[in-house]
Amino acid sequence: MPEGPEIRRAADALHDHIGGRRLDDAWFAFPELADQAGSLIGREVRAVDSWGKALLTRLDDGRVLYSHNQLYGVWKLHDSEREPDTQRSLRVRLTAGNRMASLYSASDVSLWEEGRLHEHPFLSRLGPDLLTHDVTVDTIVERLMDPRWRGRRLGGLLLDQSLVAGLGNYLRSEILFFAALSHRSRPIDLSDDKRRELAEQMLALTRRSYETGGVTNRDDWAAADRREGRSRRRWRFAAFEREGLPCHRCERRIEKLSVASRRLYRCPSCQPD
């Protein structure tokens, strides 16, 4: 499942492809949207951004096309003379000049007035997006100590999109590893300095993954793994999917657990319970 950094990169690509351009055509597979397709013609795509795992395509008349890729959805960007080579089902197509953006396999698509996005059944439950909403370390620290979240164990809390939006399974393992925290820890149990370090890692690793295309590992540690001949799947992360490999800090073997019904990887020495 793509996490916040991957969705934000997809939003950036979509914005670069059709952002600032007027739509010459729009097509929807969904009957409730098909009747509105004509009203999008001539509208300029003002911006494309993300909120958690949702993409928001903002038009110049104040409307927003909401789309959530879920597990299988994907936007394909192409020109009008070249159809994507795929067996997926086309759900949405936006055309601007000779540029096309086609959404395949997604089922959660809707059109909203920007001023009513807070009423959206999914978006209304999300916390601020770590890459879109100018979130600061102080903001995260404050949210960690909110009564709704301060007593919850980090192994489940970091996957809760109501705290902050965009974190997923690989980021959870990486954040806890770099913060040297157990998944059993709770925000209320941490010192002020440790809480701040956790918030810093949440923000920094999300940004690093976005900027590097999914790499959260330290450069020197990744280089050491590459010299050992390990695959990108192993060297892109410091802990996630490195079960049985030595910890970069202490050389204890990374172990794999199931926490909140998802896999979690940790160093039992650097992250003791």
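Ordering of 141-148, 62-69 by packing is 62-69, 141-148, highest average first (other Cβ atoms within 10 Å, averaged per residue).
Cross-link partners for K76 among the lysines, with Cα-Cα distance under 28 Å and sequence neighbours closer than 8 places in the same chain left out: K53. Note on the range 20-77: with neighbouring protein chains present and a 1.4 Å probe, carbon and sulfur make up 49 percent of its accessible heavy-atom surface. Here's the picture: charge each Lys and Arg Cβ at +1 and each Asp and Glu Cβ at -1 in the range 71-163, and of L130, S80, A96 the one pushed furthest to the positive end of that dipole is L130. Helical runs assigned H by DSSP (4 residues or longer) give the chain a calculated mean residue ellipticity at 222 nm of -8000 deg cm²/dmol, each run adding -39500 (n - 2.57) before division by the residue total. Between the range 153-177 and the range 11-34, what is the C-alpha centre distance in whole Å? Cα centres, the range 153-177 to the range 11-34: 31 Å.
With the charge dipole of the chain set up from +1 on Lys and Arg Cβ and -1 on Asp and Glu Cβ about the Cα centre, the Cα lying farthest toward the positive end among the listed residues P5, V48, H248 is that of H248.
Taking the simple approach of a point 7 Å from Cα along Cα-to-Cβ for both R153 and I188, what is their distance in nm? Here the modelled spin labels are 1.6 nm apart. Taking θ as phi - 60° and the Karplus parameters 6.51, -1.76 and 1.60, the scalar couplings of the range 8-16 work out to 5, 5, 5, 5, 4, 5, 5, 5, 5 Hz in sequence order, x denoting glycine and proline. Computed over Cα pairs, the Kirkwood radius of the range 147-273 leads via Stokes-Einstein (1.306 mPa s, 10 °C) to a diffusion coefficient of 108 µm² per second.
Pairs of Cα atoms nearer than 8 Å and 6+ residues apart set the relative contact order; for the range 75-149 it is 21 percent. Using C-alpha pairs under 8 Å with a sequence gap of at least 6, the mean separation divided by the residue count of the chain gives a relative contact order of 15 percent. Give, to the nearest whole percent, the P(r) tail of the range 1-129 beyond 25 angstrom, counting all Cα pairs. Everything past 25 Å amounts to 16 percent.
Using a probe of 1.4 angstrom and keeping all protein chains present, the accessible surface of the chain works out to 47 square angstrom per residue.
Using only Cα positions of the chain, each an equal point scatterer, no hydration layer, compute I(q)/I(0) via Debye at q = 0.08, 0.09 Å⁻¹ and quote the log10 values to two decimals. The computed values of log10 I(q)/I(0) come out as -0.38, -0.48. For the pair E81 and F122, the difference between a 0.36 nm per residue extended length and the Cα-Cα distance amounts to 11.2 nm.
For the range 211-263, the equivalent ellipsoid derived from the alpha-carbon gyration tensor has semi-axes of 19, 14, 9 Å in decreasing order. Translational diffusion coefficient of the range 38-90 (Stokes-Einstein, Kirkwood radius from Cα pairs, 37 °C, 0.692 mPa s): 252 µm²/s. Each pair of Cα atoms in the range 166-238 enters the Kirkwood radius, and Stokes-Einstein at 20 °C and 1.002 mPa s then converts it into a translational diffusion coefficient of 165 µm²/s.
The values are calculated or read from the model by the stated rules, or taken from the named source; none is laboratory data. If you're wondering where the values come from, they're calculated on a predicted model, not measured in any experiment. Glycine also receives a Cβ, built like all others from the backbone with ideal geometry; neighbour counts cover every protein chain displayed. Just the protein is used for accessible areas: all its heavy atoms, side chains included, with ligands, DNA and RNA removed. Shrake-Rupley method; radii C 1.70, N 1.55, O 1.52, S 1.80 Å.
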